[in-house]
Amino acid sequence: MLEGKYNPKTLDSAAQELWETEAVHRYDRDSTDEVYSIDTPPPTVSGSMHIGHVFSYTQAECIARYQRMLGKNVFYPFGFDDNGLPTERLTEREHGVLGLEMPRDEFVELCRQTSAKYKHEFEDLWRSLGLSADWSLLYSTIDERCIRISQRGFLDAFQKGEVYLHSSPTLWDTETQTAVAQAELESKDKRTTMNDLRFDLVDGGHVVIATTRPELLCACVAIFVHPEHPQAGELLGKKAKVPLQDLEVEILADDKVDPEKGTGIVMCCTFGDKTDVEWYQKHRLELRQAIARDGKMTAIAGPEEGLYANQARRQILERLKESGHLLGQEEIANVVNVFARTGREIEFLPTRQWFIKVLDKKEKLIELGEQIRWHPDHMGKRYRNWVEGLDWDWCISRQRFFGVPFPLWFCESCEHVFTAPEEWLPVIDHANYDVSQACPECGNETWRPETDVMDTWATSSETPEINAWWGEPPTPDASPLPMTMRPQAHDIIRTWAFYTIVKSWIHFEDIPWSDVMMSGHVQAPGKQKISKSKGNAPTDPREMIEAHGADATRYWALSATLGNDYVYNEDDLKQGRRLCVKLWNASKLAQNHLQGFDRSAAVADPLPVDTAIRALLADTVRKASADLDRYEFGIAKGVIEKFFWNEFCDNYLEMIKNRLYDESEEGAAAREAARAGLYDVLYGVIRLLTPFTPHVAEAVHQALFRPGEDVVSIGRAPWPAAEAPEGAVEAIAAWQAGVAVLTTVRRWRSEEKVSPGKPLGRVAVRAHPDVAEKAAALDADIRAAARIEALEITPDDSLEAGAVVLDAAELAGT
């Protein structure tokens, strides 16, 4: 029974309790229906929640509800990505500690405790939003099953020759003191100073070199000029003295030098950027490491030893001024690479890391991307561009603590690698395993464990395998592979989407899913991305749900367009609330007339407006279904809303009111037809709105439709049919004519400031003959909706097609 005012707090909790009790969203392990599987993004456990979480997850969840109502067996798991650097940094902030300064086992345990706390908060948020995940399929990327599958994935790639260990210049974050991957870099605009430095030539003369990083002078190993540089002929083969350093370096030619940048003569240091790395490898240059893993200058920096790079830069510039080597300075705009998780400028340091091969399969990865349906389509091009621009293999090792261990040991004598057998997995603590065997390469029996851990992406890229319980004992909880759909944000195409495709190809030579559904980001005013680390969310999502209700919050999240960023707008929350209130009130009105109504026994022939509204509903279903099939939730919502507000509430409910209230014997058939139309269309409306506002739709279903439809929850009800009823074309034509007359009368009321509820006596209109003829058949319906006692419709062939003109209107009783 619908009673009182719309109260989202009451409705939300009642619906969620029902869904939990009745296991409405549970994946049916015994069903033979088509499976629709969703590779749900496991949110990173890094602390604060923001409205971006609600935004993206609601969009994918809307599709889950739609597919479930289509009759598919929806596999919709949920997980938490709670291993890796984000959780470590959260733990450090939360407890005021540094992982680098704690015993490893103590810090790992602290990370586990911190992660568990925030996982509960995140789960409570999703449940309060009405997320229709199957919570019995919950996983954590640091639980034993996920660690085992992640390690199994590494070993599979290792055995197939897709993984290698290599010592080379590596992308390095000095704040977290770990290697990072190319995909984890962001470009950042920065104002910096270009410094013109004098390099004296050994045999006399000098050259001028412009640099933004004078602190790397101690690591200078060569000078390069373009072969076609005007001075190339006189400089090549000569040596130059590095300012303030006891170093002489050779001047070499390379066509990668940009003649237009600076003076067209550059120094090569190990390492200032990617080009330095390429020159170092190509020309077999000396390695001089100026920066240590903690970001401080090494011993070769002389007076700058122990200073951080920025400090060293300021100090050496002063010394260059004093020595006369600093000839000029200019402030410039520069683009630097920063580690996305810390915002700190990246360094290139020589380290030993584990890599997965990707550069040798770029064409195949592009081909796999073409096999996947990207929504929207242009996101597939973004994926392709990323693959084409790859310069590095995928570095998967991290010099951190709270992550999935590498299941391997090194021979202390020859560095031969021993990998854990399958039965040892998951390897969580290497100390628990006895590698008591002779090395097959050298016979040594002493082994040391790998202390690095895998990057968090190395595990989250295995989410399809985790969902499929890959390599685990058979279970009905497993999803088939490939999965159907991956929902994710567009900014992690280069990481999560790309890495998952890489892993799927290595393991199965197949794509991981058939569809990818992209979401954008909520933006703060000024179109700034809202992020947890920036803390610039305009409101806490829990406060949003508390203030507006779950359905209004969902409505807000579904007001965006697929794959596009969205500027936070509270008006969408208010409109969502208005929609819920309107549905509640319209349903209460319907409730008054549907008490005791048995739809299966209703046999009265429909009137033209009853046929028309059913036909319009069918057309709305057709359009909304086509949009949702393309993941265009925002467009579908607009189509459904337009029908609900305009056709159902403003027109149909008003047209049938007189019939609904007419309890006379002669009006019985018409009343029965109106009740049947009201039942059918309202039931269709709440089903259409279920993916968007499921809580209020559930309340209406329980009160009005569950007994007659024998469906435990609106979420298990069938999606409305798109078949138009017999006579739909004629009925819609009459409907449109009637609405044209009705709209004309309403416009007059508005212009003359006559209340919609005030009855009118005689109303005379002229209409195009086609309109006049069709509207005449709806005379009683128009009069009921417009509150008119007498309506005169005169044909006028001088009017344009579809036109209606009001000639006279009188208030009733005048």
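The values are calculated or read from the model by the stated rules, or taken from the named source; none is laboratory data. Just so it is clear, the structure is predicted and the values come from calculations on it, not from any experiment. Every residue, glycine as well, gets a Cβ built from its backbone with ideal geometry; the counts of neighbours run over all protein chains shown. In case anyone asks, the SASA skips ligands and DNA or RNA and just uses the protein heavy atoms, side chains included. Shrake-Rupley method; radii C 1.70, N 1.55, O 1.52, S 1.80 Å.
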accessible surface per residue for the chain, probe 1.4 Å, DNA/RNA/ligands not counted, whole Å² -> 42 Å²
Starting from the Cα of S798, step 7 Å along the direction of its Cβ; do the same at A23; then give the gap between the two resulting points in nm.
7.4 nm
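Compute the relative contact order of the chain as a whole-number percentage, counting only Cα pairs closer than 8 Å that sit 6 or more residues apart in sequence. Intermediate values should be presented prior to the final figure.
Values: 1479 pairs, mean separation 121.8, N = 814.
Normalised by residue count, the contact order of the chain is 15 percent.
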Under the classification rounded if a/c is under 1.5, otherwise prolate if a/b is larger than b/c and oblate if not, where does region 22-86 fall, given a ≥ b ≥ c as square roots of the Cα gyration tensor eigenvalues?
prolate
Please compute, for the alpha-carbon atoms of region 406-558, the extent along each of the three principal axes and give them in descending order in Å.
68, 35, 27
Largest first and in whole Å, what are the equivalent-ellipsoid semi-axes of region 596-672 based on the Cα gyration tensor, each being the root of 5 times an eigenvalue?
31, 13, 9
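Nearest 20 debye, what's the magnitude of the dipole of the chain about its Cα centre given +1 on Lys and Arg Cβ and -1 on Asp and Glu Cβ? It would help to have the intermediate numbers written out before the result.
Working: 90 positive and 130 negative charges, 322 e Å.
It comes to approximately 1540 debye.
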Any chance you could list P(r) for region 621-707, counting all Cα-Cα pairs in 10 angstrom bins from zero, rounded to whole %?
16, 39, 31, 11, 2
Run the quick spin-label model on L327 and T192: label points 7 Å from Cα toward the beta carbon, then report their separation in nm to one decimal.
2.1 nm
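Kindly provide the helix-only [θ] at 222 nm of the chain, computed as the sum of -39,500 (n - 2.57) over DSSP H runs of four or more divided by all residues, to the nearest 500 deg cm²/dmol?
Numbers: 25 runs with 311 residues, N = 814.
It lands at -12000 deg cm²/dmol.
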Which peptide among 773-779, 608-614 comes first, and what is the full order, when sorted by highest mean count of other Cβ atoms within 10 Å?
608-614, 773-779
Enter the angle in degrees (range 0 to 90, nearest 10) between the Cα long axis of helix 8-21 and the first principal axis of the Cα atoms of the chain, meaning the one along which they spread out most.
80 degrees
Please list, by residue number, every one of the GluC sites (Glu not before Pro) in region 456-531 that is coil in DSSP and has at most 12 other beta-carbon atoms within 10 Å.
E509
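Past the 14 angstrom mark, what percentage of all C-alpha to C-alpha distances in region 268-321 do you count? Write out the running numbers ahead of the final one.
Details: 811 of 1431 pairs.
Considering region 268-321, 57 percent of its Cα-Cα pairs are separated by more than 14 Å.
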Whole-number percent relative contact order across region 382-488, with pairs defined as alpha carbons under 8 Å at least 6 apart:
30 percent
Taking the Cα atoms only, what angle lies between the long axis of helix 51-69 and the longest principal axis of the chain, rounded to 10 degrees?
50 degrees
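Going by average Cβ density within 10 Å per residue, which order do the peptides 69-81, 714-726, 590-602 take, highest to lowest? If you can, show how the numbers build up before the last one.
Working: 69-81: 21.5, 714-726: 17.5, 590-602: 13.2.
In descending order of packing, they fall as 69-81, 714-726, 590-602.
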Over the chain, what is the percentage of antiparallel beta bridges among all DSSP beta bridges, to the nearest 5?
70 percent
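Compute the FRET efficiency between A812 and R127 as 1/(1 + (r/R0)^6), taking r as their Cβ-Cβ distance and R0 = 51 Å, and round to the nearest 0.05.
Details: r = 54 Å, r/R0 = 1.05.
Taking R0 as 51 Å, the efficiency between A812 and R127 is 0.45.
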Kirkwood hydrodynamic radius for region 117-202: how many Å is it when counted over pairs of different Cα atoms?
19.1 Å
What are the lysines whose alpha-carbon lies under 22 Å from the alpha-carbon of K623, with same-chain residues fewer than 8 places away excluded?
K72, K637, K642
Convex hull of Cα atoms in region 718-805, direction-averaged projection (nm²)
7.3 nm²
Taking only Cα atoms, what is the 0 to 90° angle, nearest 10, from helix 309-323's long axis to the longest principal axis of the chain?
50 degrees
Is region 583-739 rounded, prolate or oblate when judged by the Cα gyration tensor, a ≥ b ≥ c being the square roots of its eigenvalues, rounded requiring a/c under 1.5 and prolate requiring a/b larger than b/c?
oblate
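Under 4 °C and 1.567 mPa s, how fast does the chain diffuse according to Stokes-Einstein, given a Kirkwood radius computed over C-alpha pairs? Answer in µm²/s, whole number. Present the calculation step by step, with values, prior to reporting the outcome.
Working: Rh = 31.3 Å.
So the translational diffusion coefficient is about 41 µm²/s.
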